[in-house]
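The structure appears below as structure tokens.
The values are calculated or read from the model by the stated rules, or taken from the named source; none is laboratory data. On a predicted model such as this, the values are computed, not experimentally measured, just so you know. Using ideal geometry, Cβ is built from the backbone for each residue, glycine included, and neighbour counts are taken over all protein chains shown.
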Amino acid sequence: MTHHYDTSEDDFYKGIENASASVTDEVAYRLMAHLGFHGLQEHFGPLDEIRVADVGCYTGGSTIRWLKTGQALYTNSVVKVLGFDLHEETVAEARQNYPDQPHLFFARKDLADPMLLIDGQPYHLMFAPFVVETIEAFDEVQRLCTQMLDALAGNGELYFLRLHPDALTYADVFRDYHVPTRDTWTHGDSFKIRLAGQTEYMNDHFWKPEQIARLFSDQGCHVDLIPVGWDASDAIVDLLKGFIDATQLDADMPEWSVPLYQIIRVVKQKTSAI
């Protein structure tokens, strides 16, 4: 389901970079968006309306990305995107950052609240970048994953983006995060992280990717754990090189010597592979 990346497509990304993202994040976001939106045609065929959820939207930088990407790739479809966040202040800032955008919505959602839908209909795509690490209790992680799966249409896809477990064993291996040096990680361990452009460190929690994957595979979903680095599959490496080139980064950056990120892709009730 992967496609050759034509850098002429890159125009629809310009000016919508995630306000809290680093340049390496930017590449990972582009890769995740590419996989998600290019899979829609395969799974659903032509769609009059495409519904997308951004779980953990923060101040809207990722949410506007999904809207603009979908609109650029599906000119004959109406793309609607709803972004959720725990904090009313970030939701308010998102609305202020992106006013008067048709089909772009923001809402506050507690972990215990059911997932809101767009017009009462399930989502075709759901994105949850750097979300589960912010949740302290694994039973709440389970609850959120169940909510997301329930709100996803059959054949729909859900994407998590996270730091790769291998990257967490290196101190100062890349510019935009600080993590401790550790040989092994135990499910639920916490670490300090500082996002690019931020001054404060946050406490994140390491949930083993296999545990996250099992929450969905036990429900009959197909799950891919996709490393974002030079040791990924040839198809992913080709895409990664294209996005690095389009983002005007040095492809030989030392940060990419280990897989910096991991994409967890969940396909509801459908078997697929890259």
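Side notes on the structure shown:
- Hits in region 198-219 - residues which are of a type outside the set (D, E, K, R) and part of a loop (DSSP other than H, G, I, E, B): Q198, T199, Y201, W207, Q219
- Any hit, region 89-108, residues being crowded, with 22+ Cβ neighbours inside 10 Å, among the acidic types (D, E) and at pLDDT 90 or above: no
- Within region 213-226, the set of residues being within 17 Å of W185 (Cβ to Cβ) and touching a Leu at 6+ places or on another chain (Cβ under 9 Å) comprises just one member, A213.
- Meets criteria (touching an Asp or Glu at 6+ places or on another chain (Cβ under 6 Å) and not small (G, A, S)) for T75: no
- Subset tally (residues that are at positive phi and within 19 Å of the chain's Cα centre (by Cα)) for region 33-65: 3
- Checking each residue in region 168-178 for being among the aliphatic types (A, V, I, L, M) and modelled with pLDDT under 75 picks out A171, V173.
- Any hit, region 155-163, residues being out of contact with any Phe, Trp or Tyr (no Cβ under 6 Å at 6 or more places or on another chain) and modelled with pLDDT under 90: yes
- Taking every residue in region 116-139 that is in contact (Cβ under 8 Å) with a residue 24 or more places away in the chain and pairing it with any residue that is acidic (D, E) and surrounded by 17 or more Cβ atoms within 10 Å (Cβ to Cβ), at least 6 positions away or on another chain, the pairs with Cβ-Cβ distances below 6 Å are L125/E157; F127/D54; E133/D204.
- Residue satisfying condition, being over 20 Å from the mean Cα position of the chain (by Cα), of a type in the set (V, I, T) and either within 14 Å of R162 (Cβ to Cβ) or modelled with pLDDT of 85 or more (or both), within set T271, T186, T199, T181: T186
- Considering region 227-245, the residues that are aliphatic (A, V, I, L, M) and either buried (at least 20 other Cβ atoms within 10 Å of the Cβ) or in contact with a strand residue (DSSP E or B) (Cβ under 9 Å, 6 or more places away or on another chain) (or both) include one that is modelled with the lowest pLDDT, namely I244.
- The residues of region 118-135 that are more than 19 Å from the chain's Cα centre (by Cα), part of a loop (DSSP other than H, G, I, E, B) and of a type outside the set (G, A, S) amount to a single one, D119.
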